[in-house]
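All remarks here apply to the structure that follows.
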Amino acid sequence: MTQLIKIGWLFPNMFNLHGDRGNILAIKAEAQRRGYAVEIEQINLDSEAFNPMDFDFLFCPPGEMEHFKPVVEFLEHHKDELIAYIEEHPMLVTGTTVSLFGKLIHRDDNSTIEGLGILSLETTENHSVYGDDIYYSCQYNGKEMEIIGSQIQMMDLEINEESPFGRLKYGYGNTGKTKYEGAISGKGIFTNTLGPILVCNPWLTEEIINLIEVNKGWTAFEAHRDNSLELMSLKTKTALIEKKETRLVKLSER
């Protein structure tokens, strides 16, 4: 019997900015390269039987903040399951929707939105949008790696006592004033990185699939992916980044 990986794609009918559906394609392609069957289920507000534990990987793409309230109301019924899920299972949340997993969102119009409170972070919508490259180091599933992508920052993200996902080498990160990029909780990645991140950085995609294999008790796949093209791309991009001048304040540890 073919081994099956199940992917839960959260709210694609509302959260569909920046072409981040490419992350789903990257996970699917790597799983199929290893010989696994892949089943992708879209989770929307009318999904009646959503249980995070039914999935091997969850992905939540960026979306407009105006859609956050009904999504929070939906996910509130599954909050405990999501907290338990990210302790051992990979989940990727990108862009603006990182904020709805935090405690409070301050809108530019002075209104506020209460988030799920799964993470101890607070966000403030920016009056203007910042866009640029983003480049940082991080660790996931025990592997050190460099990540590169783009960032279209619509908010400042104060992670409070949460652990940052990455340490900036270039870019805006969470606030434009620290070296913190995103947040990590258990095996859940909450990142500002677009690109899509899993297309531009297949080494992270591989570690997510490696973790899924461990969770399912499968024998680790030994045939390594040829990442030479992506590594050359990383080298080219970082060479260009090193020549750029940023208008941000000098980055410092907080």
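No lab work stands behind these numbers, since they all come straight from the coordinates. None of these values were measured; they are calculated from a predicted model. Here Cβ is always computed from backbone atoms with ideal geometry, including for glycine, and neighbour counts include all displayed protein chains.
Of the peptides 210-222, 93-105, 25-37, the order by per-residue mean of other Cβ atoms within 10 Å, starting with the highest, comes out as 93-105, 25-37, 210-222. In order along the range 94-108, the phi-based Karplus estimate (6.51 cos²θ - 1.76 cosθ + 1.60, θ = phi - 60°) of 3J(HN,Hα) comes to 10, x, 4, 6, 3, 5, 6, 8, x, 8, 8, 10, 9, 7, 5 Hz; Gly and Pro are listed as x. Taking amide H as placed 1.01 Å from N in the peptide plane, residue 187 has its amide H under 5 Å from the amide H of 87, 88, 89, each at least 5 places away in sequence or on another chain. Charge tally around residue 121: other residues with Cβ under 12 Å, Lys/Arg +1 each, Asp/Glu -1 each, net -4.
Comparing Cα centroids, the range 29-76 and the range 137-153 end up 22 angstrom apart.
Only helices enter the 222 nm calculation for the chain: every DSSP H run of n ≥ 4 contributes -39,500 (n - 2.57), and dividing by all residues gives -7500 deg cm²/dmol, rounded to 500. Counting only DSSP beta bridges with both residues in the chain, the antiparallel share comes to about 60 percent. From largest to smallest, the equivalent ellipsoid semi-axes obtained for the chain from the alpha-carbon gyration tensor read 27, 24, 15 Å. Between residue 38 and 5, the built amide H atoms are under 5 Å apart, and every one of these is 5 or more places off in sequence or on another chain.
For the residue pairs 69/169; 69/177; 69/237, the alpha carbons lie more than 31 Å apart in 69/169; 69/237. For the listed peptides 9-19, 183-193, a ranking on the average number of other beta carbons within 10 Å per residue, highest first, reads 183-193, 9-19. For the range 1-125, the share of DSSP beta bridges that are antiparallel, to the nearest 5, is 15%.
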